[in-house]
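Below is one structure, written out as structure tokens; the observations come after it.
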Amino acid sequence: MYDRLLAVPVFLPIVAGVALLAMNGWIRREKRERTMQWLVEALVLINSLLVAWLIAGCGGRSGSLVLFRLYGQLTVMFRMDRMGSFFAGLVAFLWPLATLYAFEYMEHDERRPAFFAFYTISYGVTLGVALAGNLVTMYVFYEMLTFATFPLVMHPMTTEAARATRQYLYYSIGGAAFAFIGLVTVLAYSATGTTGFVPGGMLDPAAAAEHRNLILFVYVLAFFGFGVKAAVFPLHDWLPKAAVAPTPVTALLHAVAVVKSGAFAVLRFTYFSFGTALLRGTWAQWIVMAAALVTITYASTMAVKEVHFKRRLAYSTISNLSYILFGASMMSPLGLAAALIHLLAHAFMKISAFFCAGAVMHHTGKNYIYELDGMGYRMPVTFACFTVSSLSLMGIPLFAGFISKWSLCEAALSLGNEMGGGAGGAVGRVLPYIGVAVILYSALMTGIYMLSVVVRAYFPGVVQQMKEAVGGGSDGKAAVIVSQGKSEANQDPSWLMLLPLVIFAVVIVAVGIHAGPVLRFLALIGGEAG
Amino acid sequence: MNQVWMDVVIPGFCGMGMHLKLDGFRLVYCVVAVLMWTVSGIFSREYMAHYANRKRYYIFFWATFAATVGVFLSANLFTTFIFFEIMSFTSYVWVAFDERSASLKAAETYLAVAVIGGMVMLMGLFLLYDLFGTLEIEEISVLADAVMSGNWPLQASDALSVAAAEGAAVSAAGQTAALVPQPQGAVTAYSVIGGADGPTSVWIAGKLPELAWSGSTPGTPGSFFPTAKAQLYTAGALMLFGFGAKAGCFPLHIWLPKAHPEAPAPASALLSGILTKTGVFGIIVVSCGLFGADHSWGLLIAVLGLITMFVGAFLAVFSINLKRTLACSSISQIGFILTGIGMACLLRSIGEGNTLAVRGAFLHMVNHSLFKLVLFLCAGAVYMNLHKLDLNEIRGFGRKKPALMFAFLMGALGIGGIPLWNGYVSKTLIHESIVEYMEAVGGPWAWRLAEWVFLFTGGMTVAYMLKLFVAVFVEKNADPKLQEQYDGMGSEFARKHFSSGNGKDAKTVRKGKGSEAKDHKGAAKNSAAMEYQKPIEKLHASEAANDAHHVYMRPETTAALVIAAAILPVLGLTAHLSMDRIADLGQEFFHVQGHAHTVAYLSPANLKGGAISICIGVILYFAVIRGLLMEPDGAGNRRYADRWPSWLDLENLIYRPILQVALPAVFGTVFGFLDRYLVPAATTAFLTVSTFVGRVMDSGVDWLVRIARLTTHKQVPAVKEPHDSDLAAHVIGGVIDAARAFRSRLPWKRREKLPVREPATARLVRREEQFKGNMHLIQESFSYGLMLVCVGLCVTLIYLIWGFLGW
């Protein structure tokens, strides 16, 4: 019974979303959007509770459910193992809150039913990625995710959105093609004859040893293929462009669900399909690690240069996703655990940051960072949450980001130690240390690009400084602007937006202060798979 | 005296757990912190009264207090780092408080130094953690000793001592149950307990369970570094950078002269007095804990200290801004402390007792905290009345304000190292340690120079404090009206006697300092009582009246300031009673070696050093400051001149260009190039190539045909055919035409009008041409060739079949 229920959380939202699409016209004609919204929220919430129950019920055993066979050994199968339950739990926690946020954000939108339909479908598909029991299933849902989310990117229906959508589709589908090569190779060399995930990998060692370089090459291809969704350089360009989508989409999908599915997929096939024993210390490992490090450096630098609020956050996402990929590329238990803790921490920090940006855009129409002077006084709660997420992104102690960056650096150094014996060659000896330096550099850049927003919001004297720097404008004028900024009424959004924000901030601090249970759980995953 | 009053472990805090401890050193510094925050808190009430953002200030004021105490209590570098970062961020708000462009710029510098310093320090911590697998301050010092003595990886005996050190730490925390020391073979202080928490978990002697998940294997040197020693040095240097940035050590002192003048005065007092000491705390941990007996490290710290003290004092002599001078003085005093720490390492490295150096450094830390509290608050008193800090503008402000003068004088005498004040004691100890080391190594010229740098810097300290004191409290302002206004700002008590009571009659109220302070307090009480009894509507009126002859400081503020100032001479006078005990409490933290012996602070030998410094100071003051650094202002007075070239600023000259121009230029260009050109270029190139290849493959068959036509199926040039070759057409056409003509001439047809028709010959010729052309095309075409081949094949086939059947 338990195993059968595994399919429910995946298909319930998909069915509901399709039904919503079918009734689109009727809802709009009868003006039942509000009822529809609350029904959607209730459904999402029930689904999340179901996921929670399934996770709680899975205990130690990992039940599995074979839904149907595509052909031969190609089955669509769901399974709730530790890693899957981790990602599923994360998604299930965020989705109801993000839906709540979307109510207020989309209140003036024309095509709400369509939006919520695809938003809900994406929920099911993401859970499908999380609960997939083998590579085939994951690949299927990974492809479906592309198609479930592109209407959301296109939602504004502008030329810009259309371009972004087109790019998103090209990149994702192209990437999936490379991933497909990986899938086929895994099936060909599989020790079990299936593609089911096995902690520590399931390639046949003897067969794999014969064609080692071929398999490594395929691994690199598949890494970049799945890496498209994780925005690894040079396949990252779709992500900043996709920031045209409505904020609930950018926040939940392009900071968590879609991009984390990419990172999750990379972790899955690295640790559960190819297996680290085969990859560790090889040239393939150094190539993917170098790609992750280049991405981190690149994206954090570009974020400093960007002045559009959401695009800056998007670049920050690119850099942080590569932190996860950096952890993945360490091919060690510590690396996997560090990647997962960063996956968790970044999900909360970035969704919170995006939601703040969205609240500002929605309530004041300000899109650029230089317009944010003194906003900290006008939207106090929003910016308090933003400050928490900024500090966390920087990796300041007491916040979740510190824990994850510390774990990553620790894992990198321990890898450096391990490679000291010459197992990884000259590159392997140096690369982990460079990785640590890159993370610190990126933390510095994060400090610049996030704190500059916070400082503007809380110390509007910057206006004056700019005026002076330009040479025009008298102090009096600047003072007027400042006082206006401070005197304007509280513009914080309603509880629909604030509740998610506050919950995220609390989680960030809670994880930052007491990360022990999470770390222990992740150490278990790392221990079994690394 | 290594007593521990409190030892708290909070496992799991921020992932690695938190370890706080209260021993002698930490106790002293917590008391100092409480004292400083209390006094500045009282002072802030008045200083901040007119600021709108008070609430923000107080929140961060107390948050920083908590973080600072956390740093001093930490017994684990991880905990230290956590509180250190929190402290950096909360104190940022102090510096940026005014939100003027200058303060924001200063705050930016402060934050940049703090963040960069923090990151670099974190890198050092990573390396250290990587090497040892622990960041417990006590454990790393034992392990570092093993590394430095070449005893690495650990042998059994050392492992025991580590286990003992850990045991001490753990049992104090009440966690003895988990302690599993297994002293056999190398690196056995660490025991691996599998199973309980997954296969990879490594418990480091059962210490903090949170370490369990780390799974890193301590004991092996990082592969990046050739030896464990190299890694330890690198880690130490990185941490020194991080802590040194906070302490204000040269060349990272840049933030102090900018941030201190901009922050509110109570905050400057704390920034200078105690926040810099958190940096010193870290330097002590690194220097005395990790490299306590290392000669080259000691030398590095001592040289850095000497440079820092000299540079700071030199800047202070040139400065003409009250708070900036004090900030530069802070740099200089930190240099004294660092020199003391350096000497402690050096003395230990040659096997001498380093008691003098350790006690000197520690006492100077405490003393400097107290001096700067008093001095910055005095500066705050000036600023909150005048909103100016330029010496020429505030000149003469302190006249006829005995309480303020008393406080400032105590601070100045203390910091100047005048005998009987506390600064003299600590400076003497550091001086003695230099002399001790110099004698131990045979007195080379370099150390004689160091001693003279020390004495000369002491002289400069005297000189710049004299400059400040004379400018604020002795000289009159160039503008007599302003001076009159300043004189009118006396306290309630002073006003009664100076301004209203025919002001110039100062002699009648010149009493001993103690009684003066007492009187003052009495007056303070009265006035406070009066204030409270006033009805509210009259309060505004009284404030307006206050503006007329404004009271420069409220009574409770005055009281706090005077009491804080009185501590300095009290400490100095009871040096053996008070300061020696403080030093006893703190010295264990420095890993002191050798026995403390009572130092006769006022012995002639010790007094000589102080006297030399004072003489140098007085000479410097009259020769350099009054001679070179003052200029006539045109109205017959001499004013303080800003002789420091404005371009000579380490930050603007080096750091900002590097950070703001060079780094962004390099990274920005590289990535801008990548973003703008490389990726699109790669895409375009890919598309072009793939299109080309695709087209080529598309038209592959065409090319085949083309090549075939050029080679195997080359066409024979057409034979020129005669024009009149359409023989059949001409013959048949002629016949038809003739027949037609004949028919039309028949007599019975003659009357009929026959339509004019085209001659048949022409039509037939055209047809034949057409037919021949078609035949040509067919014959010449590829398909015709293929058809012929087919026909040939068919014929061959038929032949073969026929042959088979026939046979």
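Just a few scattered comments:
- Farthest towards the positive end of the charge dipole of chain A, among the residues A:V44, A:A290, A:T195, is the Cα of A:V44, using unit charges on the Cβ of Lys, Arg, Asp and Glu.
- 3J(HN,Hα) from dihedral phi, region B:768-777, Karplus parametrisation 6.51/-1.76/1.60, rounded to Hz, x for glycine, proline: 5, 4, 4, 4, 5, x, 4, 4, 4, 4
- Overall form of region B:726-806 per C-alpha gyration tensor (a/c, 1.5; a/b vs b/c): prolate
- For region B:553-604 versus region B:58-125, the inter-centroid distance based on Cα atoms is 28 Å.
- Chain A: angle of helix A:380-394 to the longest principal axis, Cα-based, in degrees nearest 10: 40
- Cut-off under 5 Å, modelled amide H: who pairs with A:A191 long-range: A:L203, A:D204
- Close amide H contacts of B:M630 (hydrogens built in the peptide plane, cut-off under 5 Å, sequence separation of 5 or more or a different chain): B:A641.
- Database remark: amide H of A:Y368 closer than 5 angstrom to the amide H of A:F309 (H placed geometrically; neighbours at sequence offset of 5 or more, or on other chains; Pro and chain starts carry no H).
- For the residues of A:402-414, the average number of beta carbons from a partner chain within 10 Å of their own beta carbon is 5.
- Among B:L746, B:A760, B:H776 the positive-end extreme of the charge dipole of region B:726-806 (Cβ point charges): B:L746
- Each peptide in B:704-714, B:324-334 was scored by the mean count of other Cβ atoms within 10 Å over its residues; highest first, the order is B:324-334, B:704-714.
- B:T684-B:I59 pseudo-label distance in nm [points 7 Å out on the Cα-to-Cβ vector]: 5.2
- Once both labels are positioned 7 Å from their Cα atoms along Cα-to-Cβ, the gap between A:A207 and B:D642 label points is 7.9 nm.
- Average other protein chain Cβ within 10 Å of Cβ, residues A:516-526: 5
- Gained length - A:V427 relative to A:T159, 0.36 nm times residue gap less alpha-carbon distance: 92.0 nm
- Helix A:495-513 axis, angle to chain A major axis (alpha carbon atoms, nearest 10°): 60
- 29 Å Cα-Cα threshold exceeded, pairs from B:K229/B:K258; B:K55/B:K372; B:K105/B:K246; B:K105/B:K400; B:K401/B:K608: B:K229/B:K258; B:K105/B:K400; B:K401/B:K608
- Estimated [θ] at 222 nm from DSSP helical runs (n ≥ 4, -39500 (n - 2.57)) normalised by residues in chain A, nearest 500: -24500 deg cm²/dmol
- Spatial separation of Cα centroids for region B:229-293 and region B:8-32, in angstrom: 19
- Highest average first, the peptides B:464-471, B:267-274, B:354-361 ordered by how many other beta carbon atoms sit within 10 Å of their residues are B:354-361, B:267-274, B:464-471.
- Taken about its Cα centre, region B:650-742 carries a charge dipole of about 260 debye when Lys and Arg each add +1 at the Cβ and Asp and Glu each add -1 at the Cβ.
- Per-residue Cβ neighbour counts within 10 Å put B:C378, A:C409, B:C794 in the sequence B:C794, A:C409, B:C378, beginning with the fewest.
- Working note: Karplus 6.51/-1.76/1.60 with θ = phi - 60° gives region A:319-332 the couplings 5, 6, 5, 6, 4, 5, 5, 4, x, 5, 6, 6, 6, 9 Hz, where Gly and Pro are set to x.
- Which of A:G447, A:L67, A:P460, positive extreme of dipole for chain A (C-beta unit charges): A:L67
- Karplus-derived 3J(HN,Hα), 6.51/-1.76/1.60, for each residue of region B:255-262, Hz, glycine and proline x: 6, 4, x, 8, 6, 4, x, 7
- Dipole magnitude for chain A: about 300 debye, using +1 per Lys or Arg Cβ and -1 per Asp or Glu Cβ, origin at the Cα centre.
- Degrees separating the helix A:400-418 axis from the principal Cα axis of chain A, which is the longest one: 40
- Net charge dipole, region A:229-383: roughly 140 debye, given to the nearest 20, about the Cα centre with Cβ charges of +1 for Lys and Arg and -1 for Asp and Glu.
All of the numbers you see were taken from the coordinates with simple rules; none came from a lab. All figures in this text were calculated on a predicted structure; none of them were measured in a lab. For neighbour counting, all protein chains shown are included, and Cβ atoms are generated from backbone atoms with ideal geometry for every residue, glycine included.
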